[in-house]
Structure formats: C-alpha cells, structure tokens
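Heads up: the structure comes next, in structure tokens.
Here, each number is a calculation from the coordinates, and none is a lab measurement. Note that this is a predicted model, so its numbers are computed, not measured. All Cβ positions, glycine included, derive from the backbone under ideal geometry; neighbour counts span all protein chains shown.
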Amino acid sequence: MTQIAFIGLGHMGLPMARNLLKAGFVLKVFDLVPAAVDELAAEGALAAASAVEATQDALVVISMLPASRHVEGLYLGDAGLLTALKPGTLVLECSTIAPESARRVHQAASALGIEMLDAPVSGGTAGAAAGTLTFMVGGAAATLAKAHAIFAAMGSNIFHAGPDGAGQVAKVCNNQVLAVQMIATAEAMAMGVASGLEPGVLAEIMRQSSGGNWTLEKYNPWPGVMENAPASRGYSGGFMAELMAKDLGLAQEAAQVSGSSTPMGALALQLYRLLLKQGKGKQDFSVVQQLFVE
Ligand code: NAD
C-alpha cells in the first residue's frame with residue numbers, strides 16, 4: 001500500500017489522517033506538537049521527529065497547516081521540504097492559503113519534477129471525522145486522477161476547480177459565503193431570542209424555511225441548540241475565528257486582484273477582526289454569536 005507522509009495534525013489533519021489509516025494506507029506523521037504525533041502513533045501510524053523524516057520512503061505528501069506562511073515555510077527555500085523529495089512524489093497541499101502562495105509552491109515543485117495539487121477542504125471537523133469532506137482541487141487533471149483514491153478515503157466530494165491555485169480561489173469564495181451566513185444567523189438568533197422566542201424553536205423554523213442555510217443545518221451558533229455544535233461546548237474545537245479572519249482576508253485579496261465588489265465579505269472581515277481584538281481568536285468561529293448578545 002502507498003506510504004503517505006502526513007504533516008500537520010491539528011483539528012482537521014488528525015481526523016483526516018485517521019481516515020487514511022482506516023483505509024489501509026501506511027502513514028508516517030509529523031506535527032510541531034509531539035502529543036498529536038503520539039496520538040496517531042498509538043493508532044498505528046509511524047511517528048516522525050521532523051517533516052523530512054516523515055517523507056522518507058513516502059510516495060505522497062499531504063500537508064494540513066494553518067496559513068500561507070506555514071506552507072511556504074515548510075516547502076520552499078534552500079532547506080525546504082521540496083528539496084528533500086524524490087522526483088515523481090505527489091504533494092497534496094490541503095491547507096487554506098492564498099492562491100498566489102499555492103502557485104509559488106506549484107512552480108517550485110514542478111521545477112523539481114514533483115507533482116502537486118492545491119486541495120483545500122470544506123466540511124469542518126465533523127466532515128473530517130466522518131470522511132465526508134469536500135475537496136476543491138487546483139492543478140493538472142492527470143495528477144488529480146492519481147490522487148483520487150486518497151482524497152476519496154477522506155472525503156465524499158472531489159471537485160476539479162481548474163489549474164494551479166484554482167482550488168484555493170474556490171475555497172475563499174466558499175468561506176466568504178459561510179462567514180456571511182454565520183453572522184446573519186447569529187444576529188437573527190439574538191434578535192429572535194431577545195424578542196421572546198425559544199432558541200431551539202426559532203432555529204428549527206428558520207432551518208426549514210427560506211432562511212435555511214448550512215449553519216442552521218449543522219452548526220448553530222446559539223449554545224444548546226445543537227448538541228454537537230461547538231457553541232454547545234463553549235465554542236471549543238471546530239474552526240478557529242482567527243482562521244476564518246485569515247480566509248476573509250484572502251477573499252479580500254482575491255477581490256482586489258480580480259476587481260470584484262465584495263461588501264458583505266468586507267463587513268464579515270471587520271466583525272471577525274473585532275472578535276480577535278476581544279481575545280476570541282482561538283475559539284470556534286461561531287463565537288461571533290457573542291457580538292450580538294448582551
Ligand atoms: P490547526 O491550527 O488546528 O492545525 C494546524 C496544525 O499544523 C497544528 O497542529 C500545528 O502544530 C501544525 N503545524 C504548523 N506548522 C507546522 C509545521 N511547519 N510542521 C508541522 N506541523 C505544523 O488548524 P486546522 O483547524 O486543522 O486547520 C488547518 C487548515 O485547514 C487551515 O488552513 C484552515 O483554514 C483549514 N480548514 C479548517 C477547517 C476547520 O473546521 N477547522 C475547515 C476547513 C479548512
């Protein structure tokens with residue numbers, strides 16, 4: 001079975017790697033946090049003490065890191081990981097990063113005979129655990145064909161968005177919609193409850209009506225409405241507000257480059273920046289609910 005190096009075992013990487021193990025892939029894993037490596041090693045993965053060590057004997061490298069600077073820091077430069085990989089290695093970069101950043105890694109990889117796909121995901125930590133993520137892939141179609149079985153072990157929807165960087169463009173468009181929906185849901189929940197409605201009743205009415213959206217289906221921001229949502233566990237776990245702010249910043253950059261008008265995305269970014277100033281950046285992004293509650 002193909003040996004895969006998996007780098008970055010955070011909220012998303014850990015459950016994604018777990019699904020690859022379940023599917024029978026041999027995994028050698030690395031994270032800057034040793035406890036995450038130990039957790040997966042106890043479940044059958046090989047532990048590595050560095051990214052380079054994780055990639056020895058690997059035909060495929062998967063990375064799931066926070067942001068552009070972590071990805072460029074890992075792969076690029078004279079001592080970057082790309083220089084340690086054999087030609088023919090397949091790199092699947094799943095973090096959400098700037099399309100430009102992804103293209104820089106694509107270019108450097110291609111110069112070394114390494115195939116790469118930018119493949120950010122949607123579906124949250126629940127989708128990562130259930131193996132039902134959506135992959136938005138940028139790069140050559142022939143490379144995607146080679147990687148398909150690996151993505152299928154972690155997700156249920158695999159889209160070819162277009163050439164290098166296109167997966168990241170699709171992802172920032174999607175997350176801008178998600179942020180706007182989350183904020184709209186949070187302000188409506190707060191208004192309804194302040195006006196005397198039961199939060200669970202209001203949430204169910206909107207979910208089944210024309211205001212229905214992904215956050216009402218799977219991720220209600222009001223504590224106690226959905227047992228498994230981060231809001232019901234003190235906004236812990238899930239998708240950190242600081243990562244949403246990062247994605248909204250990437251969306252604004254994309255709007256600038258393409259000359260697009262994105263007033264809703266701009267406002268969403270401002271609200272998430274406010275949350276970061278309040279020290280809530282490490283909490284799940286549904287903590288935006290608290291901006292609307294006394
Ligand atoms: P996270 O912060 O929980 O995990 C990132 C992990 O990368 C951490 O464990 C960190 O120690 C590790 N790391 C950082 N630099 C490293 C390096 N050089 N070498 C090895 N490990 C390193 O973040 P996350 O929530 O898992 O998100 C990862 C990416 O996926 C982000 O780009 C995020 O925007 C995106 N994403 C997250 C979600 C979500 O719901 N959490 C959903 C879709 C996409």
Taking loop as defined by DSSP and a crowding limit of 16 other beta carbons within 10 Å, which GluC sites (Glu not before Pro) in segment 196-265 fit?
GLU227
Got a sec to turn the phi values of segment 121-134 into Karplus ³J(HN,Hα) couplings, 6.51 cos²θ - 1.76 cosθ + 1.60 with θ = phi - 60°, whole Hz, x for Gly and Pro?
10, 9, x, x, 5, 5, x, 5, 5, 7, x, 10, 5, 9
Hey, can you grab everything whose amide H is under 5 Å from the amide H of LEU46? Only 5+ residues off in sequence or another chain; H modelled, so Pro and N-termini drop out.
LEU27, LYS28, VAL29
For the chain, what relative contact order do you get, as a whole percent, if you take Cα pairs closer than 8 Å and at least 6 residues apart?
13
Built amide H within the under 5 Å cut-off of VAL91, gap 5+
VAL61, GLU115, MET116, LEU117
Antiparallel bridge percentage (DSSP; both residues within the chain; nearest 5):
15
About the Cα centre of the chain, how large is the charge dipole given +1 on each Lys and Arg Cβ and -1 on each Asp and Glu Cβ? Please answer in debye to the nearest 20.
140
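With charges only on Cβ, +1 for K and R and -1 for D and E, what is the dipole size of segment 28-145 about its Cα centre, in debye, rounded to 20?
I would put it at about 280 debye.
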Helix by helix, which DSSP H runs in the chain go 27 Å or more along their axis at the Cα atoms and have an average Kyte-Doolittle hydropathy of -1.0 or more?
166-194
Out of residues 5 or more away from GLY155 or on other chains, whose amide H comes under 5 Å of its own, with H placed 1.01 Å from N in the peptide plane?
LEU133
Run the helix sum for the chain: -39,500 (n - 2.57) per DSSP H stretch of 4+ residues, divided by residue count, reported at 222 nm to the nearest 500 deg cm²/dmol.
-14500 deg cm²/dmol
Loop only per DSSP, at most 13 neighbouring Cβ atoms within 10 Å: give me the trypsin sites (Lys or Arg not before Pro) in segment 181-234, ordered by residue number.
none
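Using only Cα atoms, figure out Rg for the chain and give it as a multiple of 2.2 N^0.38 Å. Please report the intermediate quantities before stating the final value.
Working: Rg = 19.5 Å, N = 294, 2.2 N^0.38 = 19.1 Å.
That ratio works out to 1.02.
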Estimated distance in nm for a label pair at GLN256 and LEU59, the labels positioned 7 Å out from Cα along Cα-to-Cβ:
4.2
Just give me a number: lysine pairs in the chain, eight or more positions apart or cross-chain, with C-alpha atoms less than 24 Å apart.
15
